[in-house]
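The values are calculated or read from the model by the stated rules, or taken from the named source; none is laboratory data. Please read these numbers as outputs of a predicted model, since none were measured by experiment. Note that we place each Cβ from the backbone using ideal geometry, even for glycine, and neighbour counts take in every protein chain shown. All accessible areas refer to the heavy atoms of the entire protein, side chains included, with ligands and DNA or RNA removed. Shrake-Rupley method; radii C 1.70, N 1.55, O 1.52, S 1.80 Å.
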Amino acid sequence: MAEAPDPVALAAVRAHVDAARRVCVLTGAGMSAESGIATFRDPATGLWSKFDPAVLASVEGFRAQPQHVWDWYAQRREGMRRARPNAGHLALAAFGRQRPGVLTVVTQNVDDLHQRAGWPETIRLHGDILAARWLTPCPRGKACDPAAAAVGRPPRCAECGNLVRPDVVWFGEMLPERAVDAAEHAARRCDLMLVVGTSGAVWPAAGLAHTARRAGARVAIVNPDDSEIDDEAHWVLRGTAATLLPPLLDTRR
Ligand code: OAD
């Protein structure tokens, strides 16, 4: 569990941030933990230590218990709407604005805190919890808007009964292709990858650190605890997103 970050490693990563022409930042649930949003796999507090992902994060679970799953996501959505970007989100967005063309943020998070911090171009690998889509593709295509189906938990299409579901990626589903392509492109081209607040347990996101390293980038991890991809990193900085990203990314020094 959390030690202080090694000052020599911190200085080395800072130097690479300053020198890098392209920085790719991969974020996970730990990025938003200090905004009050629960992670998934932290012991005791992680969502998957209290709730069953087979029910709450799969098409089969949704089909079996649509109201239960819809209500769980509705509750999470409310928490995310109330949450505010933390100092880590703000430091990333400020860095991106101060060094145009340098930063790519790739997130596994389904909240919108990077965007609200001021980095709307964030690549979302796992979807957007505030958006909705049809459970099965609607034959009427775009003409049939899931947001218009407002009645019911979950809302249903008044004509065919199709259910509305949260627009997030569930286990066993493909990630959005354009987001994956953009994330892999950024990982292959960066000089420095910062991996912030992810356990590295979920693929293909977890593979981006390896992709970056194999392509010649330096890799640094920011996490108060061990992750499954620590071996990919040149430096592991023990600490939290909101405490370590501001000093790492401060362009005024
Ligand atoms: P996890 O819950 O698996 O991992 C969260 C990581 O954040 C852990 O390694 C913690 O040690 C670390 N952490 C906790 N607090 C932190 C803080 N303040 N600062 C920095 N790090 C901190 O979350 P993910 O790796 O994001 O899928 O999980 C990947 C995917 O699994 C999620 O996107 C989600 C889940 O099923 C979907 O929602 C589709």
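When the convex hull of the C-alpha atoms of region 150-237 is computed, what volume per residue in Å³ does it have? List each step's numbers first, then the result.
Details: hull volume 11.6 nm³, N = 88.
Taking only Cα atoms, region 150-237 has a hull volume of 131 Å³ per residue.
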Per-bin percent of Cα-Cα distances, region 47-155 [5 Å]: 2, 10, 16, 19, 17, 15, 10, 8, 3, 0
- request: Specify whether the C-alpha gyration tensor of region 1-87 places it in the rounded, prolate or oblate class, a ≥ b ≥ c being the square roots of the eigenvalues: rounded for a/c under 1.5, otherwise prolate if a/b is larger than b/c and oblate if not.
  value: prolate
Charge context of Glu228, other residues only, Cβ under 15 angstrom, K/R +1, D/E -1: -4
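Taking 0.36 nm per residue of separation and subtracting the Cα-Cα distance, what length does fully extending Glu173 through Arg77 add?
Roughly 32.5 nm would be gained on extension.
Write down Rg/Rh for region 197-251, rounded to two decimals, with Rg from the C-alpha atoms and Rh from the Kirkwood relation over Cα pairs.
Working: Rg = 11.4 Å, Rh = 11.7 Å.
Rg/Rh for region 197-251 comes to 0.97.
As a test of the formula, what do you get for the chain when each DSSP H run with n ≥ 4 contributes -39,500 (n - 2.57) and the sum is divided by the residue count, at 222 nm and rounded to the nearest 500 deg cm²/dmol? List each step's numbers first, then the result.
Values: 10 runs with 90 residues, N = 253.
When only DSSP H runs of four or more count, the value is -10000 deg cm²/dmol.
Give me the compactness ratio for the chain, meaning the Cα radius of gyration over 2.2 N^0.38 Å.
Details: Rg = 18.9 Å, N = 253, 2.2 N^0.38 = 18.0 Å.
Rounded to two decimals, the normalised Rg is 1.05.
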- request: Run the dipole for the chain about the Cα centre, Lys and Arg Cβ at +1, Asp and Glu Cβ at -1, nothing else charged, and hand back the magnitude in debye, nearest 20.
  value: 800 debye
query: Cα axis of helix 87-98 to longest principal axis of the chain: angle in degrees, 0 to 90, nearest 10?
result: 70 degrees
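Restricting attention to region 77-165, which GluC sites (Glu not before Pro) occupy a DSSP loop and are surrounded by at most 12 other Cβ atoms within 10 Å? Walk me through the numbers before you get to the answer.
Details: sites: Glu78, Glu121, Glu159; in loops: Glu121, Glu159.
Sites meeting the loop and neighbour criteria: Glu121, Glu159.
Starting with the highest mean, order 14-25, 220-231 by the number of other Cβ atoms within 10 Å, averaged over the residues of each peptide. Please report the intermediate quantities before stating the final value.
Working: 14-25: 17.9, 220-231: 19.7.
Per-residue mean Cβ counts within 10 Å order the peptides as 220-231, 14-25.
Find how much the distance from Asp6 to Asp181 grows on full extension, using 0.36 nm per residue of separation minus their present alpha carbon separation; answer in nm with one decimal. Don't skip to the end; give the middle numbers.
Details: separation 175, 0.36 × 175 = 63.00 nm, distance 3.41 nm.
Gain in length upon complete extension: 59.6 nm.
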field: Spatial separation of Cα centroids for region 101-180 and region 216-243, in angstrom
entry: 29 Å
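Averaged per residue, what accessible surface does region 155-253 expose to a 1.4 Å probe, in Å²? Don't skip to the end; give the middle numbers.
Details: 4610 Å² over 99 residues.
Result: 47 Å² per residue.
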message: I'd like the accessible area for Thr104: 1.4 Å probe, protein heavy atoms, all chains in place, Å² to the nearest 10.
response: 40 Å²
message: How big is region 106-170 along each principal axis, measuring the range of its Cα positions in Å and listing the largest first?
response: 39, 21, 21
